[in-house]
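Some notes on the structure that comes next.
The values are calculated or read from the model by the stated rules, or taken from the named source; none is laboratory data. Note that this is a predicted model, so its numbers are computed, not measured. Positions of Cβ are generated from backbone atoms using ideal geometry, with glycine treated the same way; all protein chains shown enter the neighbour counts.
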Amino acid sequence: MSDMLGISSGAIGAYQRALTTVSNNIANVNTEGYSRQDVVLQDSAPKKLAGMYIGTGVMLQTVKRQFDAFAESNLRNSTSDLSSQKPMVDYAKRVMDIMGDKSIGLSSAFDNFFAAASALSADPASTVQRTSFMRTADGVASRFGELNTQLDLISTETRQGLESAATQVNTLTSQLALINQSLTKSPTLAGQPPELLDRRDLTLRQLSDLARIKTSFAPNGAVSVSMGATMTQGLVVDGNKARPIGLNSTVKDKVELILDPYGKTESLASASGGQIGGYQSFISQVLEPAQKNLSALAQTFATETNSIQKNGIDGYGQMGQDLFAFDPAASSPAAGLRLAMNDGMRVATASQFRVSEGNTNITTTRATVKFTGTTPTTPLSNSNLVNNGNATAGVTFKVDGAQAYAPVTTLSGGVGATFYLDDAAAGQQLQVMTRDGRQLLGQTLNENEKFQLFKPANGFADNATYSDQYLNKTGPNAYRNLDLFYGAKAKVLFGQNFDQYGAAGAPIPMPAVMETSRIPGNGDYIPDGALSLNGVKLGELKALAIPADVAAWINDKTPDTNIRAEVFSEIRVPTGQIDLKKGLTINGEVIQGYHDLKGLVDAINSSLNPDQTSSLDVSKRVEASLTSSGELVLRNSNGQPIQINANVGTLEPAANALNMQLGTYNAQVRMTQIVRDLHVPSGNLQFAKSLEINGVNLSQASYSLGADTSYKVSFGYPQQDFTGTPSELMAAMSDRTKASMSGIDFGTVSPADAFKSFNIEINGAKVNLDNIHPATGDLAGMATELEARLNEADAGRNALHVNVSGNQLVFTDDLGRNLTNLSLTTSESAALAGTKTGQMDQRFGDEYHAEFNNGELVIKAYDAKMSDADIANKFSIKLGNLTVDAKAGMSSMDDLIARINSHQADTGVTAGYDSNLDLKLTVTDEKGVKTISIGPGKNADGTFTSNALGLEPMDYSATERLKRMLADDPTKTDIRMSFSTYTYGDPKHEQFGSPADLAKIGLRTGAYIEGGSPDDLLLFVTGKGSAKVATTFSGEPANARDTLRSQTLTVKFTAADRYSIFDAKTGTELASRQYDPTSLEPVIEFQGLNIKLTHAASVGDSFSIDGNFDGLANNVNMLDMVDLNKKPVTNGKTIANTYIDQINNVGNLAQQAIITQQALTVVNDQAVAARDKVSGVNLDDEAAALIRYQQAYQACAKALQVSGELFDTIAQIR
């Protein structure tokens, strides 16, 4: 009975717990995260009774939580995958809608822009169309900005979404850490409350909705969570600790997740899945590419339109400016795109070049021209060549084997340069050519060199042909009139100039000086005519020529070259290099007794430059001096070599105080330009004007007179008459021993107070008489006073006489001395009282000079301002009643030349014609340094009377003459030693001088392109051997397009299959090429110009190409803008199509996301079902369990009741 009671009571308890569990399941059927619980019943241990085991009933073992780790993990993963698609679907569709919207997207804006360009191309002069085009261009810029703003809004939203998701992650990870902390109370999973585990798993599912996670469970159910690639990376939950995540604020314009932003930061770049992964995928796959592509499209659009705009001419005839610009402060190019101008006239509708058909063309061929070239980025194509002209910086170029040349470099157009060729073998040359085969410098190429050189690989244009028409020419005969030179050159030097206050003035030019290097005297023979100096061929130079031989060789041509040569032998040593502790031996003489620099100079001069009584050979004499620039100069005035010898008997015989290498320092040759000539343009000449040269007045009046005939000459005021033969007239008129004064008046003062002094010059000696006190106030009293005083002053000779003749005082001298410069002075008070000092009467001899030669009387004035006509007007010469007229004055350049040359002995100047048929004045002194002084001179106020030469009156020194030469033609002021063609050998054949010949006389060969060239130039070394090339250059490559626009080119068809291109300004033939006349649309390419013909031209047809400056009557450039709509610019697609592709790419990603979302929804539903199958509450199942447990409970209760009744019955039995 007791067993029955125990079994039934125990069973009731067990089934009561079972009913409670089922009730709990039913109650939590809608509880999120709840896992179904089941009771686990177990039979109690049986009892052994009477040899058998009797059951003892049932017991509740546990309440089990229904859970499948795999299903839960699968649900988390599918949830993460599904959640990742939502941001992509939602936002990608928004981006697609925005970009495709007609009112916001770019497609309609592009359509409007190109439609406006098309309308403007039809009427480029219309201001209305220009304004419309500007408006649509601004519309495109605005659309880019609007699109960028919309994308920025989406970017902000997604960033906020990411931040929100990160905040939720942090909340959930913090909850997980607390759950883990609660789970630590039990060491086993079985001991954990099912509700706590449900909360853990729910939190993990919620976390997986935000990001894909990796989990690791401890035996007690505590979980570690990672958002990284492995469980050791990106741990956000580790036990009861949670680490927050956030966005990296230090990275601009990029979304980057990091772990523990305020602690030990760790990148979460590998985080994926869930909403966070969805946002990141959208940003990286859709948003950022869309923004970058939009900005790239904005840049491409701006670049292409700006390129077209700048390739044209605007309405003002100026170069086109950028149509679009970018705001540097904007966040992206798309946001910063703006219109760069606001004037419709600035729209460049016209092309930069224009082409016109020749007036005599016989065909209807038309031509169009475009510039498609580029400007070089570097001055030289060979980066090994540095900007250093020193020979030590040279690069070696070797020509050997079958190769006929070595390429040196390409010199970009607009860059000035000089290339030096050093250590050249005999016959080696430096060749300079254009890309079209015009040879500018060097030696004429042979056929083998032409064959090897003329290849596009060497920089030549296709179909380039060779021409040496401009070889080694300069000035008007050169290629494009360029100043090019090949050889050795020295230019005018400029010295500093300061005024009295120390301010810098205009530099003073000094004649060009060329110095050779040291000439050892072991050079080879130079043939007659191999070299030329300033265009004059030099003679033969013998072998082993010493410096004196070289100087004499050059001076032999001085009359033709105006170049003077001298030998100098000197050594210059920087004083900082000198070591006074060391010994010194010069020319075999030991220098002793020096302790400082001055002592060294004195010691050298004492030993090597003694007085003339010394027996020291002149070849050994050396003069030492110190310069203000800090150099010790050793000089042999006889041009002999200077030897620095070993210090015999010392510990260091090779060492010396000058720290110089031991050896012989040979003399050098200095060439100096002689500036003899003063050139006067013939248009300046005014033959009727006066002229004075070096103080000699060249004006004169000439009369044809008979030598024995008597004439009357009237002159002066008061008039003086002279009568006699020409010889008698010359004697009488030139007499200066008699002088007179007139116009003297005592006024109203007393005779003693009338005059203060009297002055006279007797044969140039000045005599001054003070305190003049005539006894009477008339001329007689004055004559008596002056005669007495003058004779007293003249040492009592009594040879001077003063008489009165009418109203004149007449002065004579018995000794025949010249009496000049007579004058009286008076006081101011006497002058107020009417006293007049009078004046010396005019005399012929004071103002004129007369000569009679070969029947011609020539009268010359001392006053330089008097012209031929002025002199002739002062005189009247009569033969009886007949007037003898003066000969006509100068009226031609021949007259002027003859007049100047007639005074050569007095002026030191000769005249003649120069090469331009202008007047050339030449000084006759040996060194050409004499000044040519041109008068009449200037007045005190700086004004002057024009002269016959039309020159400013001044002293034209060698410096001034040099200044004028520089202004007229700078090339004429250089010293230029170059190469010539000559005949040599047996039999004689034509040869050309070479750089090796120049090296024999100590000169470097250079290719001088100092002013640059409009064309790119190609440089080569030809001839067998090795040579070094060094260079100096300046400037940057000129813009090829602008250079061409400044030119006028003429394309002339000279044959059925040939054309030539000429520079219209200079007439230079730039190219001569063949072409295919059978081509449907022949194209000519020249220096970046693309000239397209409608069909083949005929012989004689010509086309002119130049820069266009009419921006209203030309639409060629705007047609290019219209064609941009069809031009592939990005990956072979047009701008509009590129934008459409961007929209399609976004649409494709959006559609893929939708499809993926739909597929993952199914997967997620399956994962939910799988989880619910295990952990979910099924009401049907729970109802069945409830009935089953209820029935069991009732049965057990009935058993308990029966048991009770039995106990009661038993109790009643008692």
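General remarks:
- Per-region count, segment 112-138, residues surrounded by 22 or more Cβ atoms within 10 Å (Cβ to Cβ) and in contact with a Leu (Cβ under 7 Å, 6 or more places away or on another chain): 5
- Tally of residues being in contact with a strand residue (DSSP E or B) (Cβ under 9 Å, 6 or more places away or on another chain), of a type in the set (A, V, I, L, M, F, W, C) and more than 18 Å from Arg964 (Cβ to Cβ) across segment 889-920: 4
- Search result, residues across segment 954-989 that are in contact with a Phe, Trp or Tyr (Cβ under 7 Å, 6 or more places away or on another chain) and crowded, with 19+ Cβ neighbours inside 10 Å: Arg976, Ser978, Phe979
- Only one of the listed residues (Arg212, Arg199) is basic (Lys, Arg) and not in a loop (DSSP other than H, G, I, E, B). That residue is Arg199.
- Scanning segment 912-921 for residues that are more than 16 Å from Gly935 (Cα to Cα) and either among the aliphatic types (A, V, I, L, M) or in a helix (DSSP H, G or I) (or both) gives Leu917, Leu919.
- Screening Asp1120, Asp1106, Asp1101, Asp1110 for residues that are more than 24 Å from Arg1041 (Cβ to Cβ) and either in contact (Cβ under 8 Å) with a residue 24 or more places away in the chain or not aliphatic (A, V, I, L, M) (or both) leaves exactly one candidate, Asp1101.
- In segment 497-553, the residues that are over 30 Å from Ser619 (Cα atoms), of a type in the set (A, V, I, L, M) and in contact with an Asp or Glu (Cβ under 7 Å, 6 or more places away or on another chain): Ala530, Leu531, Val536
- Residue that is farther than 19 Å from Thr1130 by Cβ, in the same structural domain as Ala141 (by TED's automatic domain parsing), among the basic types (Lys, Arg) and out of contact with any Asp or Glu (no Cβ under 8 Å at 6 or more places or on another chain), where the choices are Lys310, Lys292, Lys264: Lys264
- If you go through segment 717-750 and keep only what is under 23 Å from Asn763 (Cβ atoms), out of contact with any strand residue (DSSP E or B) (no Cβ under 6 Å at 6 or more places or on another chain) and touching a residue at least 60 places away in the same chain (Cβ under 8 Å), you end up with Gln720, Ser734, Asp735, Arg736.
- Top-ranked residue of segment 364-409 - restricted to ones that are more than 29 Å from the chain's Cα centre (by Cα) and among the hydroxyl-bearing types (Ser, Thr, Tyr), ranked as farthest from Gly427 (Cα to Cα): Thr364
- Against the test of being of a type outside the set (Gly, Ala, Ser), under 30 Å from Ile276 (Cβ atoms) and without any contact (Cβ under 8 Å) to a residue 40 or more places away in the chain, the options Leu178, Leu204, Leu196, Leu147 yield a single qualifying residue, Leu196.
- Pick from segment 895-919, criterion in contact with a Lys or Arg (Cβ under 9 Å, 6 or more places away or on another chain) and touching a residue at least 24 places away in the same chain (Cβ under 8 Å), ranking: surrounded by the most Cβ atoms within 10 Å (Cβ to Cβ): Val909
- Test result for Phe454, of a type in the set (Phe, Trp, Tyr), out of contact with any strand residue (DSSP E or B) (no Cβ under 6 Å at 6 or more places or on another chain) and over 23 Å from Gly535 (Cα atoms): yes
- Within segment 4-30, being closer than 17 Å to Ala1184 by Cα, in contact (Cβ under 8 Å) with a residue 60 or more places away in the chain and surrounded by fewer than 20 Cβ atoms within 10 Å (Cβ to Cβ) holds for Gln16, Leu19, Ser23, Ile26, Asn28, Val29.
- Residue match in segment 467-488 (condition: part of a strand (DSSP E or B), touching a strand residue (DSSP E or B) at 6+ places or on another chain (Cβ under 6 Å), surrounded by fewer than 21 Cβ atoms within 10 Å (Cβ to Cβ) and aliphatic (A, V, I, L, M)): no
- Residue in segment 182-204 that is surrounded by the most Cβ atoms within 10 Å (Cβ to Cβ), counting only those that are of a type in the set (A, V, I, L, M, F, W, C) and within 29 Å of Leu1160 (Cα to Cα): Leu204
- For segment 765-807, the tally of residues that are touching a helix residue (DSSP H, G or I) at 6+ places or on another chain (Cβ under 7 Å), not β-branched (Val, Ile, Thr) and not in a helix (DSSP H, G or I) stands at 10.
- Exactly one residue out of Gln175, Gln129, Gln150, Gln160 is in a helix (DSSP H, G or I) and either more than 59 Å from the chain's Cα centre (by Cα) or aliphatic (A, V, I, L, M) (or both): that is Gln175.
- Test: Ala461 is buried (at least 17 other Cβ atoms within 10 Å of the Cβ), of a type outside the set (Val, Ile, Thr) and in a loop (DSSP other than H, G, I, E, B): yes
- Selection count where residues are without any contact (Cβ under 8 Å) to a residue 40 or more places away in the chain and either aromatic (Phe, Trp, Tyr) or outside the structural domain of Ala340 (by TED's automatic domain parsing) (or both), scope segment 313-329: 1
- Answer residue from segment 205-240, given it is small (Gly, Ala, Ser) and more than 58 Å from the chain's Cα centre (by Cα) and is surrounded by the most Cβ atoms within 10 Å (Cβ to Cβ) among those: Ser208
- Some residue of segment 382-397 being under 27 Å from Tyr1075 (Cβ atoms), surrounded by fewer than 21 Cβ atoms within 10 Å (Cβ to Cβ) and not acidic (Asp, Glu): no
- Residue in segment 420-436 that is farther than 29 Å from Val1099 by Cβ, surrounded by fewer than 21 Cβ atoms within 10 Å (Cβ to Cβ) and of a type in the set (Ser, Thr, Tyr) present: no
- One residue stands out in segment 476-494 among those that are more than 28 Å from the chain's Cα centre (by Cα) and over 10 Å from Tyr1008 (Cβ atoms): the one that is modelled with the lowest pLDDT, namely Pro476.
- Filter result for Leu297 (modelled with pLDDT under 85, assigned by TED's automatic domain parsing to the domain that holds Val169 and either out of contact with any His (no Cβ under 9 Å at 6 or more places or on another chain) or under 27 Å from Val95 (Cβ atoms) (or both)): no
- Filter pass, Thr1156 being modelled with pLDDT of 85 or more, more than 30 Å from Arg65 (Cα to Cα) and outside any helix (DSSP H, G or I): no
- Segment 540-595, subset among the aromatic types (Phe, Trp, Tyr) and not in a helix (DSSP H, G or I), residue modelled with the highest pLDDT: Phe568
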